[in-house]
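**Student:** One structure follows; several queries about it will come next.
The values are calculated or read from the model by the stated rules, or taken from the named source; none is laboratory data. Keep in mind that what you see is a predicted model, and the values were worked out from it rather than measured. In this analysis, Cβ positions are derived from the backbone assuming ideal geometry, glycine residues included, and neighbour counts consider all displayed protein chains.
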Amino acid sequence: MHNSSYWINYFSQNLTKKRIDWSIHPMLTTEEKREILKSLQAWQLGETSDGANLISAATKHAKQLNDPDYIAAIRLFIQEEQKHGENLGKYLDVIGEERIKKNWGDSLFRKFRGLNRQMEFWTIAVITVESAAQLFYQCLKEATNCSLLKQICTDILIDEAAHITFQTERLSLIYRHKNPVWRFVAYHAYTCFYFSTTMVVWLAHRRLFKAGNLQFSGYLYKMNLKFRKTIKKLKPDQVKDVILSKSVQV
């Protein structure tokens, strides 16, 4: 597991890398635009949060662990997310489309996040959404022949892989500090949230996924694989843990 200093260095260096050639003229057909535009606008909006609630949760968490560097790492993580939003917004600008201000999926997710200020919730939320985002951006990349859009997607996909590792490590740390009974409860809560969100993302962006040649069965299969690599690996043998815990109490 990497410490917070590692992530400060990683994000600081990664933010300096320029992987997009903005001199490329966007080449997007009318049909391609019709298939991707609404999802592109909605996802761009979702990438533009100021991160205030996340910083608040991270600050509280960092104080509990006496790890002030974690706050700086989270701020840099947010900068990368905002970079994604700005690059997607810039692309919308150059193809002559608006940056929307409101979307039902984004509004729902923001309200849900506002109900919980704990770092545990934020980590599971980010892991889930960014797992779906990897599929979203891969499909967006495949849905058109626009070189500029493909570069934007590639840049985001590179960042997202590290983001998931960053958050998975944090969730693992939080999870390990729970007693066996609460680990059992938490794992099933994580699972419910992950697959519920997975379904919402499909319903909101199925047209884009299909344009990128990903049908529902394939989407669900890939999201399940990502679940196994992130959340499911937290679970050693929880039934055994709970039984042992109760035995000790008796």
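**Student:** Going by what's in this entry, would ALA42 be described as within 16 Å of the chain's Cα centre (by Cα), surrounded by 15 or more Cβ atoms within 10 Å (Cβ to Cβ) and either at positive phi or in a helix (DSSP H, G or I) (or both)?
**Tutor:** Criteria met by ALA42.
**Student:** Moving to a separate point now. I'm trying to understand the selection: among the residues of the stretch 1-23, which are part of a helix (DSSP H, G or I) and in contact (Cβ under 8 Å) with a residue 24 or more places away in the chain?
**Tutor:** SER4, SER5, TRP7, ILE8, TYR10, PHE11, SER12, ASN14
**Student:** To continue, here is another question. Would you confirm, using the coordinates I've provided, whether GLU169 is farther than 30 Å from ASP21 by Cα and either small (Gly, Ala, Ser) or surrounded by fewer than 22 Cβ atoms within 10 Å (Cβ to Cβ) (or both)?
**Tutor:** The answer is yes for GLU169.
**Student:** Do you know which of the residues in the stretch 82-96 that are of a type outside the set (D, E, K, R) and over 14 Å from the mean Cα position of the chain (by Cα) is surrounded by the fewest Cβ atoms within 10 Å (Cβ to Cβ)?
**Tutor:** So, considering only residues that are of a type outside the set (D, E, K, R) and over 14 Å from the mean Cα position of the chain (by Cα), the one surrounded by the fewest Cβ atoms within 10 Å (Cβ to Cβ) is GLY96.
**Student:** Can I ask one more? Looking at ILE71, ILE78, ILE20, can you tell me which residue is closer than 16 Å to LYS141 by Cα, at pLDDT 95 or above and not small (Gly, Ala, Ser)?
**Tutor:** ILE20
**Student:** Take the residues in the stretch 120-146 that are among the aromatic types (Phe, Trp, Tyr) and farther than 28 Å from LYS60 by Cα, then tell me which one is surrounded by the most Cβ atoms within 10 Å (Cβ to Cβ).
**Tutor:** The selected residue is PHE136.
**Student:** For residues that are in contact (Cβ under 8 Å) with a residue 60 or more places away in the chain and among the aliphatic types (A, V, I, L, M), scanning just the stretch 38-64, find the one that is nearest to LEU149 (Cα to Cα).
**Tutor:** Among residues in the stretch 38-64 that are in contact (Cβ under 8 Å) with a residue 60 or more places away in the chain and among the aliphatic types (A, V, I, L, M), the one nearest to LEU149 (Cα to Cα) is LEU40.
**Student:** Now, a different point. Collect the residues in the stretch 125-169 that are within 23 Å of THR197 (Cα to Cα), of a type outside the set (Val, Ile, Thr) and free of Cβ contacts under 8 Å to residues at least 60 places away in the same chain, keeping them in residue-number order.
**Tutor:** GLU130, TYR137, CYS153, LEU157, GLU160, ALA161, GLN167
**Student:** Is it fair to say ARG99 is more than 20 Å from the chain's Cα centre (by Cα) and free of Cβ contacts under 8 Å to residues at least 12 places away in the same chain?
**Tutor:** For ARG99, the condition - more than 20 Å from the chain's Cα centre (by Cα) and free of Cβ contacts under 8 Å to residues at least 12 places away in the same chain - is not met.
**Student:** Further, regarding this structure: Scan the stretch 187-199 for residues that are surrounded by 17 or more Cβ atoms within 10 Å (Cβ to Cβ) and of a type in the set (Val, Ile, Thr) and report the count.
**Tutor:** The total comes to 2.
**Student:** What tally of residues in the stretch 147-166 results from selecting those that are among the aliphatic types (A, V, I, L, M), under 19 Å from the mean Cα position of the chain (by Cα) and buried (at least 19 other Cβ atoms within 10 Å of the Cβ)?
**Tutor:** 3
**Student:** Considering each residue of the stretch 72-81, count those that are over 14 Å from GLU130 (Cβ atoms) and either touching a Pro at 6+ places or on another chain (Cβ under 9 Å) or crowded, with 16+ Cβ neighbours inside 10 Å (or both), and give that number.
**Tutor:** Of the residues in the stretch 72-81, 4 are over 14 Å from GLU130 (Cβ atoms) and either touching a Pro at 6+ places or on another chain (Cβ under 9 Å) or crowded, with 16+ Cβ neighbours inside 10 Å (or both).
**Student:** The conditions are (1) in a helix (DSSP H, G or I); (2) closer than 18 Å to TYR10 by Cβ; (3) acidic (Asp, Glu), and ASP67 fails exactly one of them. Which is it?
**Tutor:** (1)
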